[in-house]
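One structure below.
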Amino acid sequence: DVSSPKHGKVDPANMPHVGGNMWAGGTGGRDTAGLGGKGGPYRLDAGHRVYQVSQAEKDAVPEEVKRAAREMGEKAFKQRLKEIQMSEYDASTYERFSGAVRRQVQSLRIILDNLQ
């Protein structure tokens, strides 16, 4: 069961972690920042294969845990904006322009990676 959202421990060796309730950047787990899990405060990609929990498991997360996760994610987002000296308006403007060219930038990255 999910209990409360948290960032989780950072694995200095960046080993893949699947399931559980301990590691930041893991996949398919619960309560920690990662991908494919449930109840975590925000998405955190450590570069490993993603294991996804079922939608039924995600839907079963209690509303108070979902609310706490959203609040923690929002707090982390605002802290990151502060660190990079960006306002929420700046972030939304950046996202609007970035989103408009995201596919083209991805295509260009693939081309450049292949050229290297």
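The values are calculated or read from the model by the stated rules, or taken from the named source; none is laboratory data. Every value quoted in this text rests on a predicted model; they were computed, and no experiment measured them. All Cβ positions, glycine included, derive from the backbone under ideal geometry; neighbour counts span all protein chains shown. Areas reflect the complete protein model, heavy atoms only, side chains present, ligands, DNA and RNA absent. Shrake-Rupley method; radii C 1.70, N 1.55, O 1.52, S 1.80 Å.
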Based on the Cα atoms of the chain, what semi-axes does the equivalent ellipsoid have, where each is the square root of 5 times one gyration tensor eigenvalue, given in whole Å with the largest first? 27, 20, 14
May I ask for the net charge around GLY26, where only other residues with Cβ less than 15 Å from the Cβ of GLY26 are counted and Lys, Arg are +1 while Asp, Glu are -1? +3
Considering only protein heavy atoms, what per residue accessible area in square angstrom results for the chain with a 1.4 angstrom probe? 74
Mind jotting down the distance between the C-alpha centroids of segment 1-49 and segment 58-91, whole Å? 16
List the residues, sorted by chain then number, that are 5 or more residues from HIS17 or on another chain and whose placed amide H is less than 5 Å from its amide H. THR27
Anisotropy class of segment 60-107 from Cα gyration tensor, a/c 1.5 cut: oblate
Derived scalar couplings ³J(HN,Hα) [segment 36-45; Karplus, 6.51 cos²θ - 1.76 cosθ + 1.60; whole Hz; x for Gly, Pro]: x, x, 9, x, x, x, 6, 7, 9, 9
